[in-house]
1. Straight-line reach from Lys251: which aspartates and glutamates have Cα under 16 Å away, leaving out those fewer than 8 places along the same chain?
2. Fully extended, how many nm does the chain gain between Gln31 and Met138 (0.36 nm per residue separation, minus their Cα-Cα distance)?
3. What translational diffusion coefficient, in µm²/s and rounded to a whole number, does the Stokes-Einstein relation yield for region 101-305 at 25 °C and a viscosity of 0.890 mPa s, taking the hydrodynamic radius as the Kirkwood radius over Cα pairs?
4. Give me Rg over Rh for region 226-314, both radii from the alpha carbons and Rh done the Kirkwood way, two decimal places.
5. Roughly how many debye, to the nearest 20, is the charge dipole of the chain about its Cα centre, given +1 on each Lys and Arg Cβ, -1 on each Asp and Glu Cβ, and no other charges?
6. Taking the Cα centre of the chain as the origin and placing charges on Cβ (Lys, Arg +1; Asp, Glu -1), which of Gly283, Leu230, Pro263 is farthest toward the positive end of the dipole?
7. If each DSSP helix of 4+ residues adds -39,500 (n - 2.57) and the sum is divided by the residues in the chain, what number results at 222 nm, nearest 500 deg cm²/dmol?
8. Tell me the GluC sites (Glu not before Pro) within region 1-82 that lie in a loop according to DSSP and have at most 14 other beta-carbon atoms within 10 Å.
Amino acid sequence: MRPQVFVTRQLPAPAMNRLAEVCDYKVGVEQGALSRDALLAGVRNADGLVCLLTDTVDREVICAGTRLRVIANVAVGHNNIDVGAARQRGIYVTNTPDVLTDSTANLTWALILALTRRIVEADAFIRAGKFTGWDFDMLLGSSITGKTLGIVGYGRIGKAVARRATGFGMQVIYCGRDDIAFRDDPHHNSIMLARQSSTSPLSQSARLDGLAARRVSFNQLIETADIITLHVPLAAATQHLIDRNAFARMKPTAYLINTARGPVVDEAAMVEALQQKRIAGAGLDVYEREPEISPPLLAMNNVVLLPHVGSATLETRTAMALLAIENTIEALSGRTPRCAIK
Ligand code: DGY
């Protein structure tokens, strides 16, 4: 008998066609998000679940899917899935890394440029009929050349953002998982400071990648970067990583960019920091209570707001869907899926 797969939302034709070669499938909805009840019903007789970041696959859903052998998320982030509960039941959880790296890094740069060069404001200015003639100090932005880009989270996407920074003549500093985990540990922070003043300006990992990026402690990054961009997964260790305390340490001229996950930032603290001009602006693709947006953000000119479109190109979304289907097929054929979450 062919395996049964529940796909919560219709995916691009190449992915559905590939799935049909090996499995029988049902689709939850053609467009938009699936209801909780439909998700619970859909997993009931399924061997595989292909889901999106809007599907909350918690213990209840996992227990309802008594036959499930794989949960394939069509996203690199997998904070919508209770990976521990799946593991306990011997179910693979997979994601879609790599294929969305460039799109997400490009969108990060789109936000950086839109924010610092006031692109959205300038477009609105024209449409409102306000462009009545060129003026010397009209819509002055902020230069990024020679400034410091601080990358929080130095995985695939963080590095792709760093690679693009050389073209804009920026200095790059970054901090990784350990620097985040030990950010309140004075010993760790003094080691990082000592490394900074040692002879080599570049950390070993940065040099291995051929990137002129310097590893610093989380606090150093927050205090010295002109643009702070977030590329960490959402987990207990990163929830509200950018909190009131972090905003208080930032330069008043700093910009914050978030294309990772909304809850990495304490949104109320960010609104407060923006209102009190403790930072210069923010470029956001993700929100703490998506799709809800804190109302004050909507009225701010120094904020660019996007509806979680980091990976939203036709090519990338098709590649993500295909990868999720390959993961599903591999698991249901008795193989370890290529993107199994460890
Ligand atoms: C992901 O893959 O985690 C992205 O947020 C989806 O665009």
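No lab work stands behind these numbers, since they all come straight from the coordinates. As the structure is a prediction and not an experimental result, all values here were calculated from the model. Note that each Cβ is placed from the backbone with ideal geometry, even for glycine, and that neighbours are counted across all protein chains shown.
1. Glu223, Asp226, Asp243, Glu272
2. Working: separation 107, 0.36 × 107 = 38.52 nm, distance 4.24 nm.
Between Gln31 and Met138, full extension yields an extra 34.3 nm.
3. On the way: Rh = 17.5 Å.
So the translational diffusion coefficient is about 140 µm²/s.
4. Values: Rg = 12.2 Å, Rh = 13.0 Å.
Here the Rg-to-Rh quotient is 0.94.
5. On the way: 37 positive and 33 negative charges, 135 e Å.
Computed about the Cα centre, the dipole is about 640 debye.
6. Leu230
7. Details: 15 runs with 132 residues, N = 342.
Using -39500 (n - 2.57) per qualifying helix, the result is -11000 deg cm²/dmol.
8. Values: sites: Glu21, Glu30, Glu60; in loops: Glu30.
In loop regions of region 1-82 (DSSP not H, G, I, E or B), the sparsely surrounded GluC sites (Glu not before Pro) are Glu30.
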